[in-house]
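Notes follow the structure.
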């Protein structure tokens, strides 16, 4: 009787295996270490120019992100100032008592809540409440009053504003201790009596700020009851209550979960601040302008690329600023990576222009149009040929002359912005959309939103012009490369990879003289089982009978070739198995024929492929182990 090996049994029960192949990284050695850029111009670009191209890209990338970080810091400073101004408003002056309510939309509950303007006659206490700490009203009130009492004790030592981080569990100094007996006489306990008697105890007013973090995860009934409990504190002397609600989704979801009376109470005095940086176009305009300033007007943007930015930003409602930075950053990297002329954005590098750069220059569409114009204007053939053949370095000089010229669109953009902001007082406009209309020659259509712009028609009139060699210094979404790289089409890519496995498999290595010719023949004649099954999957109906599916899979495989492969694998002279593996193979073949082995191998392939189809979402998984029919997960295009 053989003993059961637990390790082998556990290994056999695994639903999947993980293989981590070792991949050798390709190294491109340049002048100063290892640069991630490769040689262009069909490999004729010099190592020194590759290094200059990488250094220039790194400089522009660092400069752009330094400006973006400054913009983000200004956003945080403006946000803190705006929140502080809202919470610093006086609410006691209104006829009817109400909460000072602040809704922070798109908040991840990490925004710092503080009041910048301090008042010596008032204690500002910020109480943070999370869903985990608020299972019921009793616990919420208990935690709130404990933090209020701890903050009030700290205020006796001279602190006027205390946050959660400043709350200390230690007892205050003996000289500044709260008279607990007097507090007990006044009815101070873990309820609102501490708020009611705060003025009598501490001789100061109280601004109580409740910061509800992740409101979407709160129990709506508990939150509603707690807000109504705080309603009585609005009538206490020298007490102001502010409610800060951090909302991840939208305001309507919170409103429908609370009672209408509570919603009306909150809306008596409320302010909404959008933290997603999409309020208006202020920060997106600054980011886009900083990118234009980074390349100093030498790098142009095509209308297709700007239209691509507008399209993606219109489809994203919460993280437009991050998305814009991501697109601009990737476009800059891809431009420098694939364009050998990107190094000439810095005019000082034009001294390195050699004959390897001349053939692409002659093929530029704008240069060819210029030559056609010379022919139509009956220019001398000598002058034309000197440019085409670079006689006496005429083409190099011609390229250098146009290299130092700025695109007029960037200068005119500054003029339009100056008129809108300084002359007309218009600030809520989309700079990216303005740039797009200038590129497409529709500036008048964009400015029609503001009739007062007609006064400046003479100076705002603009028609785009083509500059020779501008395509060499233009960011363009040609063939939707940015779309595929930044936002890949998962469904169509998955389908194409399963139809043609050559897209995902490494190229076949040519065999040496000692290679196994039969193994090469098997790899060339049989596709991956997953891809083979997918070809049948595409022709199947929405409901698939597993047995019929398996029979079709088995019949369409070249069984004769598999039998020959199995026979070759069993031959000790042809395989590369060690003694132990060969012994197991011989044990397997004692009671089975080659056809049985191949049938089992096909069954394993089928079960594995069906399981993988379920994992990637092509088939709906079924928890019933005895199911006979599976259902397709219909995707667009499949």
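The stretch between residue 65 and residue 543 holds 166.8 nm of extra length on full extension. This uses 0.36 nm per residue minus the Cα-Cα distance. Taking the fewest neighbouring Cβ atoms within 10 Å as the starting point, the ordered list for 600, 282 is 600, 282.
Between residue 452 and residue 39, the simple label model (points 7 Å from Cα in the Cβ direction) yields a spacing of 6.1 nm. When each of 374, 49 is scored by the number of other beta-carbon atoms lying within 10 Å, the sequence from fewest to most is 374, 49. Per residue, the average separation of C-alpha pairs within less than 8 Å and at least 6 apart gives the range 334-450 a relative contact order of 16 percent.
Placing a pseudo-label 7 Å from each Cα along the Cα-to-Cβ vector at residue 589 and residue 616 gives an inter-label distance of 3.4 nm. In this label model, residue 221 and residue 370 are separated by 7.8 nm, measuring between points 7 Å along each Cα→Cβ vector.
Ranked by how many other Cβ atoms sit within 10 Å of their own Cβ, fewest first, the residues 123, 426, 629 fall in the order 629, 426, 123.
Read the figures in this text as sums done on the coordinates, not as results from a lab. Being a predicted model, the structure only gives us computed values, none of them experimental. Counting neighbours? That spans all protein chains shown, and the Cβs are built from the backbone with ideal geometry, glycine included.
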